[in-house]
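Scroll down for the structure; my scribbles are underneath it.
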Amino acid sequence: MSVTGYPIAEASDQRDATSLDSVSLYLHIPFCHAKCHYCDFNSYAGMLGLREQYVAALRDEIALAGLRARDAAGQPRRCRTIFFGGGTPSLLTPAQIALLLGAAREAFAVDGAAEVTMEANPGALEYERLDEVRAAGVNRLSMGAQSFDPALLRWMGRIHSPEEIETAFGAARAAGFDNVNLDFIFALPGQTQAVWEDTLERALALAPDHLSLYNLIVEEGTPLYSWVARGKVREVDEDTAADMYEHAERRLAAAGYEHYEISNWARPGHACQHNLTYWRNLAWVGLGAGGSSFYARHRFTNVRPIRDYIARVAASVREGDHSALPAGAIVEDEAIGRELEMAETAMLALRLAEGLSLADFAARYGQQFWPTFERRLDDVRPLGLLEEAGGRVRLTEHGRMLGNEVFARLLPDGDDD
Ligand code: SF4
């Protein structure tokens with residue numbers, strides 16, 4: 001096929017070099033056995049019959065993206081991390097995972113030590129084939145555990161029991177996975193502090209390498225949203241949610257976990273490298289149905305329905321005209337102005353315990369952080385939400401609880417450039 005580069009790559013300025021030194025690759029697998037009641041991800045139940053066609057389309061899109069993202073010398077772009085997200089990537093066979101990783105290695109210059117993560121649902125995982133998944137090149141597993149309370153798991157529409165979380169985790173360790181994350185949700189309606197504490201204890205008993213703890217968000221369009229709207233379910237109040245979060249902070253610190261991002265804890269050396277790409281606002285290429293990319297100050301988004309995605313990739317391969325965006329499966333292309341990108345870079349970095357490096361910011365944008373944001377942060381600076389030390393600016397402990405107050409002020413209020 002004949003392919004030109006991403007058109008915007010030629011228009012990118014010198015400073016984009018910082019974010020384009022390498023990319024992270026996100027591969028979306030949109031299949032699920034059943035839809036959880038709180039979920040608004042681009043995932044579908046009852047469509048597993050399309051799995052093979054979908055994997056073939058994704059393989060083709062990876063090849064296409066690799067060609068479009070070539071560096072200035074026409075060489076494959078360096079890739080530091082790969083993440084199979086979903087949906088439920090553990091519904092793919094090890095052979096399908098291997099095929100997609102092979103395509104990624106052909107299309108991009110994937111680092112030998114690249115972090116390769118696969119999300120897994122404890123209720124949709126062939127335990128006995130996990131060694132094949134590892135042999136295919138996956139070196140990190142991220143399991144959606146969500147709770148150890150059976151009633152809450154049922155209420156959420158999860159397809160697994162608490163015991164299956166433990167079995168899946170044990171199987172991952174037995175297969176040699178030494179980098180495993182568990183996801184949990186807190187502030188669930190009906191969840192007491194005691195139930196949350198019990199869930200954390202059972203999680204810690206497994207000694208995972210990484211924990212992601214998310215405050216439940218009631219997303220529009222989900223069954224949960226309509227239950228709340230109809231008064232069938234009451235949301236947990238902010239104070240209760242804050243108590244749960246603060247308990248987790250204390251308990252995980254005592255257990256030796258580093259709280260390196262607002263919702264993420266890791267044992268030393270196990271921070272998620274892929275997600276650090278997002279928080280450092282560096283380039284990523286997101287492929288598959290609904291995948292979105294951030295590349296050279298553009299955000300591209302793919303078509304969401306699975307069948308449309310497969311059809312668009314097929315047409316794109318057949319027609320071979322990629323000289324203008326939107327092209328292929330991409331249906332949206334948003335240019336990110338420099339002002340907005342600076343604000344997003346600052347907002348994302350402030351989610352991290354390490355905060356924002358003032359030197360890196362100045363090198364990337366050719367201007368200093370404080371003169372850029374001083375006026376916008378005027379009213380929150382005296383509140384002690386931010387601190388500066390060692391050439392970095394970060395949220396204080398108090399500021400972490402009120403991060404949104406700071407983030408909202410960083411956004412440009414006038415015309416973006
Ligand atoms: S398994 Fe994950 S992606 Fe699938 S419906 Fe549940 S929360 Fe959504």
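As a ratio to 2.2 N^0.38 Å, the alpha-carbon radius of gyration for the chain is 0.99. Based on C-alpha pairs under 8 angstrom that are at least 6 apart in sequence, the chain has a relative contact order of 17 percent. Simple point charges give the picture: +1 on the Cβ of Lys and Arg, -1 on the Cβ of Asp and Glu, and for the chain a dipole about the Cα centre of about 860 debye. Close amide-amide hydrogen proximity is noted between GLU115 and ILE82, each under 5 Å apart and 5 or more residues distant or on a separate chain (H modeled in the peptide plane; Pro and chain starts excluded).
Of the chymotrypsin sites (Phe, Trp or Tyr not before Pro) in segment 330-411, not one is in a loop by DSSP (not H, G, I, E or B) with at most 11 other beta carbons within 10 Å. Can you compute the FRET efficiency between GLU220 and ALA151 using 1/(1 + (r/R0)^6), with r the Cβ-Cβ distance and R0 = 35 Å? Round to the nearest 0.05. Result of the calculation: an efficiency of 0.85. With the convex hull constructed from alpha-carbon coordinates only, segment 314-388 shows a mean projected area of 7.7 nm² over all directions. For segment 108-170, the equivalent ellipsoid derived from the alpha-carbon gyration tensor has semi-axes of 28, 12, 8 Å in decreasing order.
Legend: ranking of residues LEU20, LEU50, LEU182 from fewest to most surrounding C-beta atoms inside 10 Å; resulting order LEU50, LEU20, LEU182. Per-residue ellipticity at 222 nm from helix content only, as computed over the chain with -39500 (n - 2.57) for each DSSP H run of at least four residues, stands at -12000 deg cm²/dmol. Using equal-weight Cα scatterers in the Debye expression, the normalised intensity of segment 213-337 in log10 at q = 0.09, 0.19 Å⁻¹ is -0.47, -1.06. Dividing the mean sequence gap of close Cα pairs (under 8 Å, 6+ apart) by how many residues segment 189-340 holds gives a relative contact order of 16 percent. The longest part of the chain holding none of the exposed loop trypsin sites (Lys or Arg not before Pro), meaning those outside H, G, I, E and B in DSSP with at most 12 other Cβ atoms within 10 Å, is 1-229. The calculated P(r) of segment 130-228, using every Cα pair and 5 Å bins from 0, goes 2, 12, 23, 22, 17, 12, 8, 4, 1 in percent.
Cysteine residues of the chain whose C-beta has no other cysteine C-beta under 4.7 angstrom: CYS32, CYS79, CYS272.
Every read-out reported here was derived from the displayed coordinates using simple, explicitly stated rules and does not represent laboratory data. Just so it is clear, the model here is predicted, and its values are computed rather than measured. No Cβ is skipped: glycine too gets one built from the backbone with ideal geometry, and neighbour counts run over all protein chains shown.
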